[in-house]
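Visitor: Mind looking over this structure? Questions follow.
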Amino acid sequence: MSTPRILVMGAGGLGGIVTAHLLQTGHDVVCVTTNDAIASAVEAKGYRLKGEGEEDAQVVHGPIARAVPEGPFDFVILAVQPPQVDEAARQVLPVLGERGKVVCLQNGLCEPRVESIVGKDRVVGAIVGWGGAMPEPGLYDRTAQGGFTIGRYDGAPLDPEDGALTRALEAIGPVETTGNLKGKRFSKLAINCAISSLGTLGGDRLGVLLQHRFVRRLALEIMTETVEVARKERVSLEKVSGTIDLDWVALTEAEKDAVGSPGLLAKHGLLLAVGFRFRRMRSSMLQAIERGRAPAVDFLNGEVVALGEKHGVPTKVNNVVRDTVWKVARREATSGMALLREVFEATGPHGR
């Protein structure tokens, strides 16, 4: 498969950046969006792509569609938010090539959902290790560098033709393959349950939020609950793109009640470093709410709560965070540091 035909579903922060980079490197790609404002902006001005720290945007011209075009496609990249992933998978099934693959970029555990629609052997998971945003329709801001980790959710090896997918994605960033996608997915789930959801509640960029000690403590407790659920699921956690060793980050029983310790100090220091590395990253879930879309919190913190109930693992912090994100989405609460402080107080007592 020397020149695969690629369809990207979704033209938000991820989908637009993926499409623009693929177009830049000469790939046969078309992007689909149901958002008229985005489609009109791209048609008029092209995909405007800003790199990290760049003031001026590069303009990349290429197709954008308002409905799924005629197939067949060798690869379909799902760049929609998790609440839209089932419908997107159903839409692309008729245009998927005979040996075509659907690629899941979503945070959360979406591969099994897509497998139930298009077939288990036709789904590749791609964990995104970089950040992107769409400050205005058609303008795409690469907020953090990184690449992808790809693999099969059941641990089966990738097919030989999937090498064409690897080469295509390398237009965006380095690609590594894994035989333990599930372990990396759960690690990314723990990170996103903290970063994306707290970013939604705090309404600010990651670097600003993680400067506050109580926000870091909430993040540690969210990740700890997720790790405890993953262990009950018999998942072997693995770091994602060199980010965080979740087995180490998870609070020990002693640290849960401690008021300062060398271990806690090291964990807070690590989160400060993460905040600096991804300081410009803004929650994609918050961006979805701002565009009138349903938040993906049920696929993140809600997934942890459901698995916690299954295994009898307490998930108090994830539960409160999930419910509060929905309050923001329903305009019953306003994002900001005051709201994060309310969540902290509601989930106490905490160590430090």
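Visitor: Taking only Cα atoms, what is the 0 to 90° angle, nearest 10, from helix 301-311's long axis to the longest principal axis of the chain?
Guide: Long axis of 301-311 versus the principal axis of the chain: about 60 degrees.
Visitor: Sticking with this one: When DSSP assigns beta bridges and you keep just the ones with both residues in segment 5-179, what percent turn out antiparallel, to the nearest 5? Walk me through the numbers before you get to the answer.
Guide: Details: 11 of 36 bridges.
So the antiparallel bridges in segment 5-179 amount to around 30 percent.
Visitor: What order do you get for 272-283, 255-266, 141-152 when each peptide is scored by the mean count of other beta carbon atoms within 10 Å, highest first?
Guide: Details: 272-283: 18.7, 255-266: 12.7, 141-152: 21.1.
The most tightly packed comes first, giving 141-152, 272-283, 255-266.
Visitor: With θ set to phi - 60° and the Karplus curve 6.51 cos²θ - 1.76 cosθ + 1.60, what are the ³J(HN,Hα) couplings of segment 69-86 in order, to the nearest whole Hz, using x for Gly and Pro?
Guide: Once θ is set to phi - 60°, the couplings for segment 69-86 become x, 5, x, x, 10, 7, 9, 10, 9, 8, 10, 7, 6, x, x, 9, 5, 4 Hz.
Visitor: If you line up the long axis of helix 262-277 against the longest principal axis of the chain, both from Cα atoms, how many degrees apart are they, to the nearest 10?
Guide: It works out to around 30 degrees.
Visitor: How large are Rg and Dmax for the chain when calculated on the C-alpha trace, in angstrom?
Guide: Gyration radius and largest Cα-Cα distance of the chain: 19.7, 60 Å.
Visitor: Which translational diffusion coefficient, to the nearest whole µm²/s, is obtained for segment 183-346 from the Stokes-Einstein equation, given a Kirkwood hydrodynamic radius over C-alpha pairs, 4 °C and 1.567 mPa s? Could you put the intermediate results ahead of the total?
Guide: On the way: Rh = 15.7 Å.
Calculated translational D: 83 µm²/s.
Visitor: Cα-Cα over 18 Å: which of Lys188/Lys239; Lys120/Lys239; Lys232/Lys327; Lys239/Lys316? Each step should come with its number before you reach the end.
Guide: Details: Lys188/Lys239 8 Å; Lys120/Lys239 25 Å; Lys232/Lys327 30 Å; Lys239/Lys316 25 Å.
Beyond 18 Å between Cα atoms: Lys120/Lys239; Lys232/Lys327; Lys239/Lys316.
Visitor: For segment 124-134, what does the Karplus curve 6.51 cos²θ - 1.76 cosθ + 1.60, with θ = phi - 60°, yield as ³J(HN,Hα) per residue in whole Hz, taken in order and with x for Gly and Pro?
Guide: Values per residue, Gly and Pro as x: 10, x, 10, 7, 8, x, 9, x, x, 8, 10 Hz.
Visitor: Average projected area of the Cα convex hull of segment 241-324, in nm²? All intermediate terms of the calculation are to be shown ahead of the outcome.
Guide: Numbers: hull surface 29.3 nm².
Averaging across all directions leaves 7.3 nm² for the Cα convex hull.
Visitor: Now, a different point. Can you give me the angle between helix 213-232 and the longest principal axis of the chain, using Cα atoms only, in degrees from 0 to 90, rounded to the nearest 10?
Guide: 70 degrees
Visitor: Going by how many other Cβ atoms sit within 10 Å of their own, how do Lys267, Lys327 line up, fewest first? Let's see the in-between values first.
Guide: Values: Lys267 23, Lys327 13.
Ranking Lys267, Lys327 by Cβ neighbours within 10 Å, fewest first, gives Lys327, Lys267.
Every number in this text was worked out from the coordinates using simple rules, so none of it is lab data. Since we're looking at a predicted model, the values are computed, not measured. Glycine also receives a Cβ, built like all others from the backbone with ideal geometry; neighbour counts cover every protein chain displayed.
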